[in-house]
Amino acid sequence: MTLLTLGLNHKTAPVDIRERLSFGPDVIVGALRTLTDQTPAEEAVIVSTCNRTELYCAADTRDVAEPLRDWLGRFHGIEPHLFAPHLYTHCDRDAVRHLLRVASGLDSMVLGEPQILGQVKASFQTACGSGTAGRMLGRLFQHTFAVAKQVRTDTAIGSSPVSVAFAAVSLARQIFSDLSKQTALLIGAGETIELAARHLHQHGIGRIIVANRTVERAHRVAAQFDGYAIALTELINHLPEADIVVSSTASPLPVLGKGAVERALKIRRRRPMFLVDIAVPRDIEPEVGQLSDIYLYTVDDLQGVVDEGMRSRHQAAEQAMEIVELHTDEFMAWVRSLDAVSLIQDYRARAECVRDEMLMRAARQLSAGKPPREVIEHLAHQLTNKLLHQPSVRLRRAGREGQTDLLEAANELFQLRPEADAGR
């Protein structure tokens, strides 16, 4: 059976193409069923995220890439020539390696990001529920999840900060060892603030407050992480509650001055505050950094942390690829073993057929009154001849024709010469 991956991602296709070829949760089940009905694919899993759309298939033919491409175009109502240049295909070993890399975060826009593993698991569960993930893909995806877990456990692929928001949260965790007792005040409601909120929430922050000029936008961010929203005009009133402040607005002037922070510190009775100013131009007056019990970092301070994190992740990625290659070989060995299993089953079935035939003859001879010992000896003789006849004929022909490779394979299979050589 052939394994094939056909897809596109952030490296090969622009966002407008990725959007047109994505599968929403409302169509994915129907897509899986039509995929296996209308193409040679007998098993299928569709992985569709904002950065990639990939079809993982198992088929009895190798000529499956073109039917998959045509189906993809038909399903989305797009002519194949419009997206074909952006597609990649991986077959068998390359398909296995690609899936292991994807699930381990080695093919992501942000190297080592962990969200993709959850997305791949959800895609597989959907395929299982749709009845399109069979023995081959079932084994492949379960193998993939185990490998991705090993990559996370045995390497530092996801531990180093590679975004400013991640770096900010990493520093906060160094200053406050237990984030569950801390309150974070996030100023702004853009992508960076949302990412910072996500990281803080994942690390168990006690409370999140989101401040923004437009309260509705602040509420949209806060609601995702069990926080609450305030207007920017309320910022000063809530500042004393904040152990951690992360600010990223588009304001041309600072939104937080030295005086406001001094008043907050007095109310806090000098309990330390950790402030991160990600904005350009700056949101927090530089003089705030001169205050005691204040840890102020700017985007330039964090960039060094991010650069070091990227170097660390690239080193970890090299270790991760060694794990991926090892387990790709392991899975392909299992795939090759399937051929042997089928051959063994056929050989055993033939042998059992011969056995049943000989037993029936022996039973008739016993019923006719022949001595049991004579019947048993005849049975053993006939059974041996029947089982060895075809292999013996083929080996004699191989000897006549000089087919030494077949003779050596037979010797390896039946383990004949080692014993003979040992007695010399």
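Laboratory data are not the source of any read-out in this text; all were calculated from the coordinates shown. These figures come from a predicted structure and were not determined experimentally. Note: ideal-geometry Cβ built from the backbone for every residue, glycine included; neighbour counts use all protein chains shown.
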**Q.** Mean residue ellipticity (222 nm) of the chain, computed from DSSP H runs ≥ 4 via -39,500 (n - 2.57), nearest 500
**A.** -19000 deg cm²/dmol
Q) What is the Cα centroid distance between the range 114-136 and the range 1-39, reported in whole angstrom? A) 13 Å
Q) Hey, with R₀ at 22 Å, roughly what FRET efficiency would CYS353 and GLN415 work out to, going by the Cβ-Cβ distance, to 0.05? A) 0.30
Q. Helix 135-154 versus the longest principal axis of the chain: what is the Cα-based angle in degrees, 0 to 90, to the nearest 10?
A. 50 degrees
Q: Please report the relative contact order for the range 164-307, taking Cα pairs under 8 Å with a sequence separation of at least 6, and give it as a percent rounded to a whole number.
A: 23 percent
Q: Among GLY24, THR39, ASN9, flag the residue with its Cα farthest along the positive direction of the charge dipole of the range 1-44, charges on Cβ as +1 for Lys/Arg and -1 for Asp/Glu.
A: ASN9
Q. Taking the Cα centre of each part, how many Å lie between the range 348-402 and the range 267-332?
A. 75 Å
Q) Which FRET efficiency, nearest 0.05, do ARG93 and HIS238 yield, Cβ-Cβ r, R0 45 Å? A) 0.20
Q: Largest first and to the nearest Å, give the Cα extent of the chain along each principal axis.
A: 113, 57, 46
Q | Residue among ILE236, ILE278, ILE344 with the largest mean-square fluctuation in a Gaussian network model of the chain, springs linking Cα atoms under 10 Å | A | ILE344
Q) For the charge dipole of the chain, defined by +1 on Lys and Arg C-beta atoms and -1 on Asp and Glu C-beta atoms about the Cα centroid, which residue among TYR56, LEU111, LEU379 has the Cα displaced farthest towards the positive pole? A) LEU379
(Q) Tell me the angle of helix 93-103 to the major Cα principal axis of the chain, expressed in degrees between 0 and 90 and rounded to the nearest ten. (A) 30 degrees
Q | C-alpha long axis of helix 258-267 to longest principal axis of the chain, angle in ° | A | 80 degrees
Q | Relative contact order (percent, whole number), the chain, Cα cutoff 8 Å, 6+ residue spacing | A | 12 percent
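What is the antiparallel percent of DSSP beta bridges lying wholly in the chain, to the nearest 5?
Bridges in the chain that DSSP calls antiparallel: roughly 45 percent.
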Q | Fraction in percent of alpha-carbon pairs per bin - 5 Å, the range 93-136 | A | 5, 23, 22, 23, 18, 7, 2
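Placing unit charges on C-beta atoms (Lys and Arg positive, Asp and Glu negative, everything else neutral), compute the dipole magnitude of the chain about its Cα centre in debye, rounded to 20.
1040 debye
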Q.
Which order do the peptides 156-169, 403-416, 352-365 come out in when sorted by mean C-beta neighbours inside 10 angstrom, highest first?
A. 156-169, 352-365, 403-416
(Q) Among VAL215, LEU413, LEU72, which residue has its Cα furthest toward the positive end of the charge dipole of the chain, with +1 on Lys/Arg Cβ and -1 on Asp/Glu Cβ? (A) LEU413
Q | Descending semi-axes in whole angstrom, ellipsoid equivalent of the range 32-133, from the Cα gyration tensor | A | 22, 16, 14
Q. Over the Cα atoms of the range 164-307, what is the Rg over Rh ratio if Rh follows Kirkwood?
A. 0.92
